[in-house]
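Please read the structure below before turning to the comments.
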Amino acid sequence: IPEKTEKGKIRFTTNHFSVYLVGTVNTATYNFYDGATLWETQVVLNGESLLEPPTPAQQTGKRFTGWYIGATPVVFNTPITVTSTGTFTVNAVYEDIYYVYFVYSGNIIATKEVTPGGTTNATGVPLVVTESGKAFSHWSATIGGPAFNFGNAINANTTLYAVLSDL
């Protein structure tokens, strides 16, 4: 387009022009909260996916179970249908847990998490008896006590002690 400079202004002429329509696009805004703390915000368009935020820091006596909108778990890395602009509150959800500590020779050698009313077992507990002439007998809720019943419900933090017997 030819131009003319006149008193510090640029002028040009044309025999045609275009009209552009500027519109809006529907978006969904997801605000991720851990308690009252805003953890992350994501804005997605139709057909885009949410990315899973980092897992919040572990809380004593709680286990993170996921991100939820109300009672519905959020699905990540799956296209979302956005038909209207909206904002959603996503909450970090936790469940209560108890800890079962396995102790040998005064040291915790393993810890297992159990939901209230659940049970546990000693599978995977790395016990190596280091006392000469002794062998592992059973786990007990008291030092040197009777065998712990792993079928019992766990409703508090529990310490189990390795009970040894003579070879």
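The values are calculated or read from the model by the stated rules, or taken from the named source; none is laboratory data. Keep in mind the model is a prediction, meaning the values are calculated, not measured. Cβ placement follows ideal geometry from the backbone for every residue including glycine, while neighbour counts extend to all protein chains displayed. All accessible areas refer to the heavy atoms of the entire protein, side chains included, with ligands and DNA or RNA removed. Shrake-Rupley method; radii C 1.70, N 1.55, O 1.52, S 1.80 Å.
Computed from point charges on the beta carbon alone (+1 for Lys and Arg, -1 for Asp and Glu), the dipole magnitude for the chain about its Cα centre is near 600 Debye.
Once backbone amide H atoms are built at 1.01 Å from N, residue 74 has 67, 68, 69 as its partners under 5 Å, excluding neighbours fewer than 5 places away on the same chain.
Averaged per residue, the chain has 68 square angstrom of accessible surface, using a 1.4 angstrom probe with ligands and nucleic acids left out. Between the amide H of residue 110 and those of 102, distances stay under 5 Å, these residues lying 5 or more places away or on another chain, with hydrogens modeled in the peptide plane.
The stretch 48-96: which chymotrypsin sites (Phe, Trp or Tyr not before Pro) are DSSP loop and have at most 14 other beta-carbon atoms within 10 angstrom? Passing both the DSSP loop test and the Cβ count: 76.
In the chain, a dipole from Cβ-located charges (positive for Lys and Arg, negative for Asp and Glu) runs towards its positive end, and of 44, 105, 91 it is 44 whose Cα lies farthest in that direction.
Shown for the stretch 30-88: the carbon plus sulfur share of the solvent-accessible area, taken with all protein chains present and a 1.4 angstrom probe, equals 54%.
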